[in-house]
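Only the coordinates and a few stated rules stand behind these numbers; no lab work does. Fair warning: this is a prediction, and the values are worked out from it, not measured in the lab. Don't worry about glycine lacking a Cβ; one is built from the backbone with ideal geometry, like all the others, and counts go over all protein chains shown.
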Amino acid sequence: MSVAVNAPMAGKLISVDVKVGDAVKKGDPVATVEAMKMLIKVFAPSDGTVASIDAEPNTNVDPAKAIITLG
């Protein structure tokens, strides 16, 4: 079962703090988004392993699209 990790709001993806294959626990910070001149941490919604990174840093992200997919 895969789980999408989405940005909490539209903004610019500043960094992805994990790589494919990393194990994460629910609540671990996995990325940073800049929105409305604030840096917002994105947290893993569940335990899992990073299956793919679906967005590149310095690109705009939308809450409806995954930044990272956990497997």
* Val3 is checked against (1) aliphatic (A, V, I, L, M); (2) surrounded by 14 or more Cβ atoms within 10 Å (Cβ to Cβ); (3) without any contact (Cβ under 8 Å) to a residue 60 or more places away in the chain and fails just one. What number does that condition carry? -> (3)
* Structure fact -> Gly27 vs (1) in contact (Cβ under 8 Å) with a residue 24 or more places away in the chain; (2) at positive phi: all pass except (1)
